[in-house]
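Working notes, beginning with the structure itself.
The values are calculated or read from the model by the stated rules, or taken from the named source; none is laboratory data. Computed from a predicted structure; not experimentally measured. All Cβ positions, glycine included, derive from the backbone under ideal geometry; neighbour counts span all protein chains shown. Calculation scope for accessible area: heavy atoms of the full protein, side chains included, ligands and nucleic acids excluded. Shrake-Rupley method; radii C 1.70, N 1.55, O 1.52, S 1.80 Å.
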Amino acid sequence: MVAGGDPGVAASATAQDHWSSRFAFVMAAVGSAVGLGNLWRFPAEAGANGGGAFVIFYILCVVLIGLPILLSETLIGRHGQSSAVESAKVVARESGASDGWSALAWVGMLGAFFILTFYSVVAGWVLYYIGVFGTDLIAAIGGGTLFEGAFAGQSVEQVQGHLPSLFADPLMMILLHGAFMGITIYIVARGVTGGIELAATWLMPAFFLLLVGITVYGAFTGAFGQALEFMFAFNPERLLHGPVMLSALGQAFFSLSLGSALMITYGSYASRSTNLAGASTIIASADTSVAIIAGLAIFPIVFAAGLDPALGPTLMFQTLPASFQAMPAGSLIGFLFFVMVFFAALTSSIALLEAPTSWAIHKFGAGRSRTAITLGLIIFSIGMLSALGYNVLSHVRPLAFWPTFAELDILDSIDAITGKILLPLSGLLTAIFIGWIADRKLTDAENGISGGLHLIWRFLIAWLCPIAVSLILILGIFPGLIG
Ligand code: PHE
C-alpha cells in the first residue's frame, strides 16, 4: 500500500498523530464547527425562516440529534485510530459487521471535499470585504472621520454594489479563492500539532474576543431589543412548518461539521484520557452559542440601520456592510467583523481539507504536504466553476442540452446537495451503525457516559436520530412533499 521504499515514510504515514492536549482537541473541533455556517448561514437561515421558530427548532436539533451523532463520530475515530474510512472499518470488523459500513465515512468525506470547493469561494468574498473595509478604515483615519459611519459619501446602493462588482471580476474571484485555499493547504500540510492545532489554539480565542467585543458594541449602539424579539419571539404556527424544520436540521449538521467524516478524523487524534461525551458537549454548546451570539451581533446592527434581515445569503455581504455604514465607527467595526469571519472560516476549511487528506495519507502513503497540496489543487479547480459561474461562465452550457452555469448555480447546488443529502446520509448511516450494528461493549467503553445519560444517548442514537434524519433526507430529496 505504501509507495516508495523509505520505511521512515511508511511509519510516519500510518502511525496516528495526536493532539498535544484536550484543550487542543476541543479548540480544533470547535474551530471546525464554528465557521461560515454560524456567521453567514445561520443568521441568514434564521432571517429567511422567520427568526424565533427556526432558532428554537435548531436548538432542539442540536441537542437531540446533533449531540448524539457527534459523540458517535468522535467515538468511531478514537477507537479506530486511523483515517475516517479506516476507523469505521476497524469498528465494523471488531463488531463482526461488514467493511461496507465504512460507507458512512466515504459519503461524509465526499461531502467535506465538495463543501470546501464552494466554502473557499465564499471565504474569498470575506477576504475581499476585509480589503474593502480596510481601505475605508485607512481613509477614515486619514480624514479624521473614524467615529462616523463607514463609506463616507457613498450611497447605500454603492455600498451594496461591492458584491456585484466583485462577482463581475473573474480574476479577483479566482485570486481570492486561490489565496484562501493556499493558506488552508499550508496549515494542513504542517500537520496535526504543528499546523491544525496551532492555528486553532490562536485563532479561536482571538475569534471569541472579537465576537464578544462586536456584540457588546452592537448592543449599545444598535437595536438590541428588536433583535432579541426577532430571534426568540415564539411563534407556534411556524414551529411545525416543514421547510423551517428541514432547514434547521440541515443547518445543525453543517454547523456541527457532522456527517462529513471530520469529527471521526479529529476524534482519531484524541487521547484515550479524553472524555468524549464531555468534549462533545462543549463542542456543541460552543458552536450553538456562537451561532446565537452571531445573530445578536448582526441583527441589532441591521435593524438599527432600518434594513430587512430576511435576505438570505446576501445578508452578510450586502445588508450588513450597508448597516455598518450607518453605525458609529462603522469602518473599524466592519473591518474587525470580517477579520473575525476570516478566522472562523479558516479553522473550518482546514478541517474540511484534513478529512480527505488524512484518508489519502493512509491510503497512498504519500507525505502529508504532497497529499494536502494535490487535494487542495483539485478542490481549488472544482471551486473555480462556482466562482466563474457568476461571470465568464454564466452563459456557457456545460453540455448542449443542459442549462447554463448561471442557471445551474453551481455554488448553491453544491451547498444544497452536500447539506441536504450527503451530510444527513452519512449521519443516518452513523446513527444506524452505532445504534444497531456496532458492538455495545466497544462503544460503551469509549463514550464516557453511564447511567441515565447513557440510556438517553442509546435511545436517541438508535431511534430518534435515524427516524428524524431519514425524514429530513426524504424531504431534502423530494422537496415537493412539503408545502
Ligand atoms: N461547520 C463548519 C461551519 O459551520 C463547516 C464544516 C462542515 C466544516 C463540515 C467541517 C466539516 O462553517
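Miscellaneous remarks
- Residues that are among the small types (Gly, Ala, Ser) and either within 15 Å of the ligand (Cβ to nearest atom) or buried (at least 24 other Cβ atoms within 10 Å of the Cβ) (or both) within the range 33-49 comprise ALA33, GLY35, GLY37, ALA44, ALA46, listed in sequence order.
- Of the residues making up the range 138-147, those that are open to solvent by 20 Å² or more (accessible area, probe 1.4 Å) and either within 20 Å of THR319 (Cβ to Cβ) or outside any loop (DSSP other than H, G, I, E, B) (or both) are ILE138, ALA139, ILE141, GLY142, GLY143.
The rows are residues; the columns are (1) within 15 Å of GLU446 (Cα to Cα); (2) hydroxyl-bearing (Ser, Thr, Tyr); (3) not in a helix (DSSP H, G or I).
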{"site": "LEU246", "(1), (2), (3)": "no, no, no"}
{"site": "PHE253", "(1), (2), (3)": "no, no, no"}
{"site": "MET263", "(1), (2), (3)": "yes, no, no"}
{"site": "THR274", "(1), (2), (3)": "yes, yes, yes"}
{"site": "ILE282", "(1), (2), (3)": "no, no, no"}
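- Note on the range 347-361: residues that are surrounded by fewer than 22 Cβ atoms within 10 Å (Cβ to Cβ) and either under 20 Å from the mean Cα position of the chain (by Cα) or within 12 Å of the ligand (Cβ to nearest atom) (or both) amount to 0.
- Taking the criterion of being open to solvent by 40 Å² or more (accessible area, probe 1.4 Å) and either farther than 16 Å from LEU276 by Cα or touching a Pro at 6+ places or on another chain (Cβ under 8 Å) (or both), the residues of the range 80-100 that qualify are GLU86, LYS89, VAL90, ARG93, GLU94, GLY96, SER98, ASP99, GLY100.
- Top-ranked residue in the range 254-284 [being β-branched (Val, Ile, Thr) and more than 18 Å from VAL34 (Cβ to Cβ); ranked as nearest to the ligand (Cβ to nearest atom)]: ILE264
- Residue selected from the range 362-390 under the condition among the polar types (S, T, N, Q) and surrounded by fewer than 22 Cβ atoms within 10 Å (Cβ to Cβ), by the criterion farthest from PHE167 (Cα to Cα): SER369
- Residues in the range 391-437 that are buried (at least 17 other Cβ atoms within 10 Å of the Cβ) and among the aromatic types (Phe, Trp, Tyr): PHE405, PHE433.
- From SER273, SER280, residue being at pLDDT below 95 and either among the hydroxyl-bearing types (Ser, Thr, Tyr) or in contact with a strand residue (DSSP E or B) (Cβ under 9 Å, 6 or more places away or on another chain) (or both): SER273
- Residues (more than 16 Å from the ligand (Cβ to nearest atom), in a helix (DSSP H, G or I), within 17 Å of GLY37 (Cα to Cα) and open to solvent by 10 Å² or more (accessible area, probe 1.4 Å)) located in the range 306-344: THR314, VAL339
- Selection status of ALA28, closer than 30 Å to THR288 by Cβ and at pLDDT below 95: no
- Only one of PHE167, PHE113 that is open to solvent by 10 Å² or more (accessible area, probe 1.4 Å) and either among the hydroxyl-bearing types (Ser, Thr, Tyr) or at pLDDT below 95 (or both): PHE167
- Counting only residues that are open to solvent by 10 Å² or more (accessible area, probe 1.4 Å), of a type outside the set (A, V, I, L, M, F, W, C) and part of a helix (DSSP H, G or I), the range 50-79 holds 1 of them.
- Tabulated pairs, the range 285-305, first away from the ligand (no atom under 14 Å from the Cβ), second open to solvent by 30 Å² or more (accessible area, probe 1.4 Å) and modelled with pLDDT under 95, C-beta under 6 angstrom, 6+ apart or interchain: PHE299/PHE230; PRO300/PHE224; PHE303/GLN226; ALA305/ALA326
- Among the residues of the range 438-478, the ones that are surrounded by 13 or more Cβ atoms within 10 Å (Cβ to Cβ), more than 17 Å from LEU60 (Cβ to Cβ) and out of contact with any helix residue (DSSP H, G or I) (no Cβ under 8 Å at 6 or more places or on another chain) come to 0 in all.
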